[in-house]
Amino acid sequence: MPTNNMTRLDPNSQAASRGLSDLSIRNLFIIPTIAFLIIFNIFPLLYSLGYSFTDFRASTNAPAKFVGLQNYRDLLNDPFIWKNFSITAKYVLISVTGQVVVGFGLAMLLNRAIPAKGLITTLLLLPMMLSMAVVGLFWKLLYDPNFGIINYFLGLGKFEWLADPDMALWAIAIVDIWMWSPFVMLLSLAGLSAVPKHLYEAAEIDRAGNIYTFFRITLPLVAPILMIAIIFRTMEAFKTFDLAYVLSSQPTTELIAIRLYKMAFQEWQTGMSSAFAYIVLIMVVAITNIYVKYLNKVKAR
Amino acid sequence: MAGVQTTAEKWTNRTAIAAVFVALIIMLTPIYWIAATAFKPRNLATTIPPTVVYEPTVAPFVKLFTKRSQLREQPTQEEYDTAPWWEKMVYDGGEKVVRNRKSGEVRSSGYGDRFKNSLIVSVISTILAVGMGTLTAYGFSRFKVAGEDDWLFFILSTRMLPPVVVAIPMFLMYRVVGLNDTHMGLIILYTAFNLSFAVWIMKGFIDEIPREYEEAALVDGYTRIQAFFKVVLPEALTGMAATAVFCFITAWNEYAFALIMTNRNAQTAPPYIPSQVGSGLPDWTVIAAGTFLFLIPVAIFTFLLRNHLLRGMSFGAIRK
């Protein structure tokens, strides 16, 4: 909760005028960070904005030629790029839905007196702390059609998870759900524990059914926090690179971030990829904006 | 739900607890399997049915740290007998340790160096991000800043960029100034990445420290700077430690920047471990051993951090 309305020490008082002035301390503390972020985040983006109007290739010494909006036009007319976007949309939908269902479900199960609850919760949270690339890679062994334990325990025989073009995206999303359901669970638990107990007691006195109680009391009160979790996970899923890159090289799992990586660092179409990065950037800024607006709304309550 | 539990409620509770335990087992199986595979002999790592009971061996770790090649001909009895225990393990696996031709020293695999690089880059970038982040958070928390919310949004937005988007121009710029494949290059990137997080989280922690503490110190004759270091910092220490652990884990786990910006000298473990799978039949016990060692710091930190996870993962939006 920002406490900006608190009284601040009068800058003209004697106490505040000893040593460095408040104004110079403020600048000393804030400006280096802002400068650092501008130099290493904003300046590079301006740098690549310039390249996005050229046909520059970082792999050659040929000078960059100005091509105007050609890159942007080509990209937006490229059916393969739209394919990447639709794969990404599908991936986001599968993985975020899965995370919400599993995460919220786990939170509902955990929201009661359970022996060793603290330890169990921490253990359940472990997957989300691990490296997506390193642990994700290990799922290759778990998914292996010949000796993977998933096929063995589910009795699926030699089911192909990653080699099947239609299944691969689902297989990646399942790993993502495994890793990030705990995140939704963590936030949902906070939401659930904040629901006042007396509401449930009142519902019980009124002989309200479990389903009624859930949809009329639990869900509406947890919704704001759940929404934070959903927006946050949507943003992250949209950016997914690591998991999909280590697990699969199928064209059917080519998410936007992977296409961008290949365009920039394998095909070395630097100018074109800079333009592509800008298109992605605008989309991310739009989602971030929604997220922050929502965050402030929730905080303001 | 005070009062007496009905039989139905009791059974709902029991079912829920049973379901929690089943979920726990499913969630932890992949992690358990990494640990289990890391101590298996190679021939038991890929069996059907899966091998659950076996005699643990450290052979995967020996192989993880040494450079090996296929054994063309069996070692002579004498060679085998005089070999140290760990070299025997490699012989037993049908491989031999590669030695330096001149000095006869055992050549190491790349893993140790990658692990060290991960440590260097993560620790230094964490110190920088938390240090700068705490100062900036204090500035935003205690002083009037014109357009404060806009600045904070700007700071947060730098974190939201997809790594590959930032990596394209950074790669070109680093190439000009010679920072590609250097520790410094990665440290700068990770510091920038974590700095925004540190500012947001630390602002929350510092907002919670009552202003009266510093104001009392100011009245007692401290300067603002002294008050900050002697009064505010000690109070903020828990928050700083939690923030540092989060920053460390983020840097430790980071993959995309490391993949693009480093290839040998400064490469960290995350891009190195997948590169070992390659084509053909990978030795999963070695990959599991590398993964296992890599996960230990994170697992320990997760337990230390358990009470701050909610706050950190929600960027300070939810506190408790």
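The values are calculated or read from the model by the stated rules, or taken from the named source; none is laboratory data. In this text the structure is predicted, and so the values were computed from the model without any measurement. No Cβ is skipped: glycine too gets one built from the backbone with ideal geometry, and neighbour counts run over all protein chains shown. What goes into the accessible areas is simple: the full protein's heavy atoms, side chains included, and nothing from ligands, DNA or RNA. Shrake-Rupley method; radii C 1.70, N 1.55, O 1.52, S 1.80 Å.
Looking at B:ALA23, is it buried (at least 16 other Cβ atoms within 10 Å of the Cβ), within 14 Å of chain A (Cβ to nearest Cβ) and closer than 30 Å to A:PHE104 by Cα? Against the criterion (buried (at least 16 other Cβ atoms within 10 Å of the Cβ), within 14 Å of chain A (Cβ to nearest Cβ) and closer than 30 Å to A:PHE104 by Cα), B:ALA23 qualifies. Considered as a group, the residues in the stretch B:26-45 that are under 18 Å from A:TRP139 (Cβ atoms) and open to solvent by 50 Å² or more (accessible area, probe 1.4 Å) include one that is nearest to the other protein chains (Cβ to nearest Cβ), and that residue is B:ILE26. Looking only at residues of the stretch B:251-274 that are open to solvent by 10 Å² or more (accessible area, probe 1.4 Å) and within 10 Å of chain A (Cβ to nearest Cβ), we find that the one that is modelled with the lowest pLDDT is B:PRO274.
Candidates B:THR238, B:THR285: the one that is surrounded by 21 or more Cβ atoms within 10 Å (Cβ to Cβ) and polar (S, T, N, Q) is B:THR285. Counting only helices (runs of 4 or more DSSP H) that sit wholly inside the stretch B:221-278, those with at least 3 residues that are over 14 Å from A:VAL134 (Cα atoms) are B:224-227, B:233-253, B:256-261. Consider the stretch A:114-128 and keep the residues that are among the hydrophobic types (A, V, I, L, M, F, W, C) and within 8 Å of another protein chain (Cβ to nearest Cβ). The one that is surrounded by the most Cβ atoms within 10 Å (Cβ to Cβ) is A:LEU124. Could you please let me know if B:ARG72 is touching a Ser or Thr at 6+ places or on another chain (Cβ under 7 Å) and either at pLDDT below 90 or on the phi > 0 side of the Ramachandran plot (or both)? So B:ARG72 fails the test.
Just the residues that are β-branched (Val, Ile, Thr) and in contact (Cβ under 8 Å) with a residue 60 or more places away in the chain, please, taken from the stretch A:103-121. Answer for the stretch A:103-121, where residues must be β-branched (Val, Ile, Thr) and in contact (Cβ under 8 Å) with a residue 60 or more places away in the chain: just A:THR121. The single residue among A:ALA202, A:ALA173, A:ALA223, A:ALA190 that is outside any loop (DSSP other than H, G, I, E, B), exposed (fewer than 14 other Cβ atoms within 10 Å of the Cβ) and under 26 Å from the mean Cα position of the chain (by Cα) turns out to be A:ALA223. For the stretch B:37-69, a residue qualifies if it is at pLDDT 90 or above, in a loop (DSSP other than H, G, I, E, B) and of a type in the set (A, V, I, L, M), and exactly one does: B:VAL58. Just so you know, in the stretch A:82-113 the residues that are charged (D, E, K, R) and under 27 Å from A:THR252 (Cα atoms) include one that is most open to solvent (accessible area, probe 1.4 Å), and it is A:LYS83.
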